[in-house]
1. Out of contact with any Phe, Trp or Tyr (no Cβ under 6 Å at 6 or more places or on another chain) and at pLDDT 95 or above: is that true of Gly270 in this structure?
2. Any idea how many residues of the range 258-267 are surrounded by fewer than 22 Cβ atoms within 10 Å (Cβ to Cβ) and either among the small types (Gly, Ala, Ser) or over 11 Å from Leu182 (Cα atoms) (or both)?
3. Wholly within the range 189-292, which helices (runs of 4 or more DSSP H) include no fewer than the required count, namely at least 3 residues that are under 22 Å from the mean Cα position of the chain (by Cα)?
4. Restricting attention to the range 241-254, report how many residues are open to solvent by less than 20 Å² (accessible area, probe 1.4 Å) and either more than 26 Å from Thr49 (Cα to Cα) or without any contact (Cβ under 8 Å) to a residue 24 or more places away in the chain (or both).
5. Return the residue satisfying two criteria in turn: it lies in the range 185-207 and is open to solvent by less than 10 Å² (accessible area, probe 1.4 Å) and out of contact with any helix residue (DSSP H, G or I) (no Cβ under 7 Å at 6 or more places or on another chain), and of such residues it is modelled with the lowest pLDDT.
6. Among the residues of the range 276-295 satisfying the criterion of being at pLDDT 95 or above and within 20 Å of Ala166 (Cβ to Cβ), which is least open to solvent (accessible area, probe 1.4 Å)?
7. Being modelled with pLDDT under 95, open to solvent by less than 10 Å² (accessible area, probe 1.4 Å), under 30 Å from Asn97 (Cα atoms) and not in a loop (DSSP other than H, G, I, E, B), is that true of even one residue in the range 129-144?
Amino acid sequence: MALPDKMYGVALTGHGGPEMLQWRDDLATPSPMKGDVIIEVSAAGVNNTDLNTRIGWYSKGDAASEDASWSGNALSFPFIQGADVCGTIVAVGEGVNPERIGERVLIEPCLRKANGEALELPWYYGSECDGGFAQYTRVAARHAISINSDLTDVELASFPCSYSTAENMLTRARVKEGDVVLVTGASGGVGSATVQLARARGARVIAVTSASKASLLSELGAEKTLNRDDDFLAELGANSVDVVIDLVAGPKWPALLDILRPFGRYAVAGAIAGPIVDLDVRTLYLKDLSFFGCTVLEPEVFGNLVKRIESKQIKPLVAETFTLANIGQAQASFSEKGHVGKIVLTVR
């Protein structure tokens, strides 16, 4: 199909509030470079990275600092965000089998190839390059993963970022059958994905959430739920958990190490309660704990996730949908943290 020269989408024009998200219908339609595909976007999920990048949260200085991106590199505005994408391949570049046109795909958000070249350090789709908050998007063919599923495009768009982040933490922490796994922030997109994926591995899950969301987390497979204000040590006891999957950090963080067993594993991919924590290094070394900071996906993670989706080992959790033009409302709803699962934008 012949693609239009211009497309619609939402451009992020700088760090700040929702006013920095600009709806436009004159964006240049991307063209495929060697090894690329062009995807017509059907649906795109909202996640923490979108908001954190917009407000400059990643910067250790002020929001205008050159490290205010996911990777610590300077951002070039305007650009298109959106890391969670389901869509259809509509054009291919040199070296890509044209029979891929028409495939329904999910985009792997951790990129090892972009602009026709292998990357020395991975990029994050929708941060270091344009993402999916637009009519069309470009990505290296290796990161457009074909999926065979009876789920809707909106449902599939709830998976890529949150579930791959969760699967990556579980992979890095070597979660196995019989492990007791504590998940903080369990009602969010990554947290609820972690509950499902840990159960799929045969682990026993303890979910930290609010009282109003506890029953849903139990339905997803949590064996026990804790209120986020509970005293974790008093509720569970010392040395009671094999693995902590943390998305929260904040002032309650020291208790997470107290409840870990000797040789326990701690994996983190978020800090929504605050990035600065108190660490007693003696706890770390005397208990022989292993820490895993998890951002870059292990090579096998996204393919394994797609297999779990296709085999229906996990299910989508779509809390709300908005049109792409209403992205400001979607992000406001996301920030209120009153939902369980994902908020997804319909693009087509």
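The values are calculated or read from the model by the stated rules, or taken from the named source; none is laboratory data. What you are looking at is a predicted structure, and each value in this text was computed from that prediction instead of being measured. Neighbour counts run over all protein chains shown; Cβ positions are idealised from the backbone, glycine included. These accessible areas exclude ligands, DNA and RNA; they are computed on the full protein's heavy atoms, side chains included. Shrake-Rupley method; radii C 1.70, N 1.55, O 1.52, S 1.80 Å.
1. Answer is no for this residue.
2. Qualifying residue count, the range 258-267: 4.
3. Once the helices (runs of 4 or more DSSP H) in the range 189-292 are filtered for at least 3 residues that are under 22 Å from the mean Cα position of the chain (by Cα), what remains is 189-200, 214-220.
4. Adding up the residues that qualify gives 1.
5. Here the answer is Gly191.
6. Out of the qualifying residues, it is Cys294.
7. No.
Here's the yes/no breakdown for (1) among the basic types (Lys, Arg); (2) at pLDDT 95 or above; (3) open to solvent by less than 60 Å² (accessible area, probe 1.4 Å):
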| residue | (1), (2), (3) |
| --- | --- |
| Gly303 | no, yes, yes |
| Glu310 | no, yes, no |
| Leu317 | no, no, yes |
| Thr321 | no, yes, no |
| Leu324 | no, yes, yes |
| Ala332 | no, no, yes |
| Glu336 | no, no, no |
| His339 | no, no, yes |
| Lys342 | yes, no, yes |
